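First the structure, in the form of structure tokens, and then the observations on it.
Laboratory data are not the source of any read-out in this text; all were calculated from the coordinates shown. What you see is a predicted model; the values in this text were computed from it and never measured. Here the Cβ positions follow ideal geometry from the backbone for every residue, glycine too, while neighbour counts run over all protein chains shown.
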């Protein structure tokens, strides 16, 4: 058993996801405290180039054509052996649509403990601690990171991705992939998000709507405000699920991460899967009738008021201010 | 086709969450449980599959407050069989124990497809679905928003970050973690639920000793300080709008 | 064979054929088709009220005068028809007996001079009225006629016109030929006769005979056509008004159930009395004219709804007779929803009752709409917004989806503390309602209400978290099971409490507590002697001198009648007296009292997707208020109105011009 902290690098179609850097930053904090190393694990097909800016002491990479697409089956098999053999102190996964398919399976298979929704890891009195955010962000749960090897599903928010980037290319070690024939889970094809729509990741002003919008007709009110502000409308999961906005406008775990100058969160409670995608916004302004909504924890400004009361008034005042 | 939907109940976030005196768990006397939203989608997806072809839908829930309601509502929507896992759930239970208990029962049901909510807001030890898949030796795909069955396989749509969707093929039997059913869960009128309560039966299956191993222990629960960082703007809509316009100007948005 | 003989035979045969056709058609519609309907309990009894109704609304045509000019025209046509039916009888008898008795006159009736004068004058009145009606239909063509059978309407008016004209020609020539003993009693005919005076006697006789045949021919053709449309009301109106629904409009009948599903999914599932309504609709479009949903551009017309139901009932009746044909099978295979009536039509209705209130013949639309909605709900066919609200109501007992523990959160700051009626006896049990309890923009008004009650020294209390949504609009959405569950919970809390009177904030709660709860609870629970809306309570306090104002308000206001207070429960005067007692001057909007325009929120509309509208009812209403020069305040007495109008003053750009106030705010101001 080692004190090393392993980070399973998440990447999709040739790009390392931000959560990977967040995890590297978290791993570094732990490793510094307990004297272990930060080891990044990269599974993929022709994946070496992705390792260049990972702030890890070492990168273990495993290449196989079966890793070209994400298959939970392939990842489970590959990591099962690796974790068993290396027995690190902790293995960090992104609490994402990929990591979430793999880590719980490994936990059951290897009888290793698993912590999910983990926002922060730290060392206190020589003990590793986790802090997870649960119940839609309304509760934090704190505890000791179980041993000997803990699997951790991490959400963003506790660490900045920049801290996990490095200009120094890390040491690369190739390891063999296990047999990956007869995969029971395979990708047939990808369905690209609708093209031609605006890219909310690049917009400087976002008017974002959540459940508080109440019905489809009210989306128009948000559109008007966005128009006055020179921005676009985006939304959280409930709004997209109702088809009130196209999928391309989804901010959150399975949508996009955004970083506008202004993020106006209207009637959004701030569930973790949404919050994790707006961590890089320059300024968040939250409007919600519920003062306990977690969105107020990360917003710069807030107001407890019904967004539907505010929208027409604000649109008018913005229009006036522009003259 | 035989479909099993294991569901769980989670704290209703509409109600105030009260932490008990020990500080490590929610006060069960104040707690009100409700069906996990994603499990509701899993039930809907199962019934949609049933409606597309012949099949039987069995819904399985731990015997906690609100389980009867959730099961009868599922039956009113079209579920054929309702099973309650009886056991010592009072002290609260983690997903590791739940997954093992589900596995013991589901093995006896021999399903082709198991649909369950991809996550729940109170998951602290990972989702139930992939663990259940491991216990049953089945493949797992989560974050699924569309399921079609075709001879021995299912085609599912899995969501990736950024709006990318992959069409994947999964060999049956399999466990699928449902993010969203193809259609939003249907409405069942109360009268139908009440009628179902009279006609449908809930079977009981004793869960073996619950094994909680594999889950972390929360030592402390706490509420993040509300509004700690946001500067709150007071007043009515006009006042808030005026202040916001000032802020927008300061920040060069306007 | 002589001409007279032939005349008798032809008249006899024509009468037989026309009578037979009419009889067969009427039999099929009113007997065969109506018998397919469901039993109609409660249409008997209360005979005095029923006879009075026929006298006032059929003989007196009272509701028709709400549209003054067309109503007056109809009044003359109606009475003209009654008087002139005797002349038709005369014409028929004259023809029938032509072979035996030349110049036959009806016994008694044919000898009454004043009657002859009345008939003669009515013939003229009818001609004038019909000409006006033709002008209205052809040239003015008001919006209310849109969708009605225009050519049929014009044709029937032309029939009546011809019948009248031919009568005058007939009579005029008789006078010329000195065959009329009552000539002096028929001045109009005499003038018409003068037009033919120059012709020789023989020609005049021929013209007279032609006029006779035209007269009788058109009468009989009209008779055969009568069951084929809107003019069938000539037959059905008296039974329809006589057998009208005498339940309060705010009391819905229990949900019908067919093979385990609630509500109505086929036209035969309506009660036969409702079917009679379908056949009674005159397509006059008064309902369409006053419908706020129609005016706002939603896909509903209460008139077309009736016409479609009628058409479907008739078509299905005919198809059953021709069961074998493919066309008939196609008709029978059509589903009522959405093939005949779309879901959008049904969900557009705000159940404001303006249509039913306006209908001269008491045809009901709101109740059938709810029956159809009940079916949609039983099938789960509700829009997502509504579904979400129903789920919230089911789980938390309020439409806001908030914890029931938060229901009395608004009262936390009240000093002294408001009594919990479940724990200590009170005189007034205040049923606060969802909007007043939860809506952040309304709760300050709720606190003001409590303050006013406290100042008046009322011994009152609330149910705290024991209260649930009253269910009024849940029921009108068609979710009968949820309604029953809410009633159960509320009654449970009410039963725990000791009180003498319930007072409500929301007219919607008021309606169901007053009109429906006693029935729903099967007499297990007796309602206290009264349920009051707070406007009524204030009115009583003021009139009895228990509440005295310290300040006289000196501004002018207008008042919006909430549908469930005004039209549904007839509370028009109490709020007006309260307004005047505060010192405010009341200026009425053009549409006020039972003509008040609905804000568009009722019947669950506030919980649904709005759909494509041209102008929201609430906006139209605010503009109506803003058009009154003298006033700057729009007063209402319903929290949903407050919500709708406060929004509408903003969206119409009237935020500076009109202030929306609750009645209680005026009272509170006048008390301070």
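Once you have the Cα-Cα distance between residue A:45 and residue A:179, take 0.36 nm times their residue separation minus that, and quote the gain in nm to one decimal.
Working: separation 134, 0.36 × 134 = 48.24 nm, distance 1.46 nm.
Once the chain is fully extended between residue A:45 and residue A:179, it gains 46.8 nm.
Every Cα-Cα pair in the range B:1-66 was counted, and those over 15 Å apart are 59% of them.
Could you give the semi-axes, largest first, of the ellipsoid that matches the range B:202-252, computed as the square roots of 5 times the alpha carbon gyration tensor eigenvalues and rounded to whole Å?
Working from the Cα gyration tensor, I get semi-axes of 51, 17, 11 Å.
Counting Cβ atoms of other protein chains within 10 Å of each residue's Cβ and taking the mean over peptide A:244-257 gives 3. If I fit a long axis through the Cα atoms of helix C:68-96 and take the longest principal axis of the Cα atoms of chain C, what angle between them do I get, 0 to 90°, rounded to 10? That works out to roughly 30 degrees. Measuring from centroid to centroid over Cα atoms, what is the spacing of the range C:569-599 and the range A:101-148 in Å? What the calculation gives is 64 Å, centre to centre.
In the range C:296-365, Rg over Rh equals 1.07, where Rg is the alpha-carbon radius of gyration and Rh the Kirkwood radius from pairwise Cα distances.
Ellipsoid fit via the Cα gyration tensor, the range C:407-463: semi-axes of 18, 12, 10 Å, each the root of five times an eigenvalue, largest first. Both numbers refer to the Cα atoms of the range B:68-171; Rg and Dmax are 15.1, 43 Å. Taking Cα atoms only, the orientation of helix C:639-651 departs from the longest principal axis of chain C by about 80 degrees.
Per residue of C:128-140, what is the mean number of Cβ atoms on other protein chains within 10 angstrom of that residue's Cβ?
Partner-chain Cβ atoms within 10 Å, mean over residues of C:128-140: 0.
The value of relative contact order for chain B, using C-alpha pairs under 8 Å at least six residues apart, is 23 percent. Under the simplified labelling scheme, the residue A:190-residue C:327 pair shows an inter-label distance of 5.9 nm, with each label point 7 Å from Cα along Cα→Cβ. Under the shape rule built on the C-alpha gyration tensor, where the axes satisfy a ≥ b ≥ c, the range A:204-305 is rounded, since a/c falls short of 1.5. Using every Cα-Cα pair within the range A:149-188, state what percent have a distance larger than 13 Å. Within the range A:149-188, distances greater than 13 Å cover 78 percent of Cα pairs.
Based on alpha-carbon positions alone, could you give the equivalent ellipsoid semi-axes of the range A:279-323 from the gyration tensor, as √(5λ), descending, whole Å? Write out the running numbers ahead of the final one.
Details: eigenvalues 97, 45, 7 Å².
Sorted largest first and rounded, they come to 22, 15, 6 Å.
You can think of it this way: the chain between residue C:49 and residue C:335 has 99.2 nm of extra reach, that is 0.36 nm per residue less the Cα-Cα gap. Quick check: the distance between the Cα centres of the range C:201-239 and the range B:96-167, to the nearest angstrom? Going from one Cα centre to the other spans 78 Å. Give me the base-10 log of I(q)/I(0) for the range A:64-138 at each q in 0.15, 0.25 Å⁻¹, Debye formula, one uniform scatterer per Cα, rounded to two decimals. Here log10 of I(q) over I(0) equals -0.61, -1.25.
All Cα-Cα distances of the protein assembly as shown, cut into 20 Å bins from zero to the largest, leave 10, 32, 30, 18, 8, 3, 0 percent in each bin in turn. Here the residues C:376, A:314, ranked from fewest to most Cβ neighbours within 10 Å of their Cβ, fall in the order C:376, A:314. Once C-alpha pairs closer than 8 Å and six or more residues apart are averaged by separation and normalised to the residue number of chain C, the relative contact order reads 12 percent. Judged by the ratio a/c of the largest to the smallest principal axis of the C-alpha gyration tensor, chain C counts as prolate, that ratio being 1.5 or greater while a/b is larger than b/c.
Over the Cα atoms of the range C:106-152, compute the convex hull volume and normalise it per residue, giving Å³. Can you show the working numbers first?
Values: hull volume 4.6 nm³, N = 47.
Here the figure is 97 Å³ per residue.
Compute the acute angle (0 to 90°) between the alpha-carbon long axis of helix B:95-109 and the principal axis of greatest extent of the alpha-carbon atoms of chain B; round to the nearest 10°. Helix B:95-109 and the main axis of chain B meet at about 30 degrees.
In this simple spin-label model, placing a label point 7 Å from the Cα along the Cα-to-Cβ direction at both residue B:182 and residue C:104 gives a separation of 7.5 nm.
Neighbouring Cβ atoms within 10 Å as the yardstick, rank B:107, C:640 fewest first.
Going from sparsest to densest Cβ surroundings: B:107, C:640.
Share of pairwise Cα-Cα distances greater than 10 Å in the range C:211-252 is 76 percent (whole percent). Separation of the range A:270-322 from the range B:64-79 is 37 Å, based on Cα centroids. log10 I(q)/I(0), Debye, Cα-only the range C:542-672, no solvent, q = 0.23 Å⁻¹? With no solvent term, the Cα-only Debye profile gives -1.47.
Convex hull volume of the Cα atoms in the range C:107-198, per residue, in Å³?
Given the Cα convex hull of the range C:107-198, per-residue volume reads 110 Å³.
From the largest down, the range C:146-295 spans 77, 31, 26 angstrom on the principal axes of its Cα atoms. Label reach from residue C:146 (point 7 Å along Cα→C-beta): in the range C:277-294, amide nitrogens under 15 Å belong to C:285-294. Global size of the range A:27-169: 15.0, 45 Å for Rg and Dmax (C-alpha atoms, Rg to one decimal, Dmax whole). Mean sequence separation of contacting Cα pairs (under 8 Å, at least six apart), scaled by the length of the range B:47-171, corresponds to a relative contact order of 16 percent.
Annotation for residue A:3 and residue C:210: the two label points, set 7 Å from Cα along the Cα-Cβ direction, are 12.3 nm apart. Binning the alpha carbon pair distances of chain B at 10 angstrom intervals from zero yields the distribution 7, 27, 30, 19, 11, 6, 1, expressed in whole percent. When the square roots of the Cα gyration tensor eigenvalues are ordered a ≥ b ≥ c, the ratio a/c for the range C:542-593 is 1.5 or more and a/b does not exceed b/c, which makes its shape oblate.
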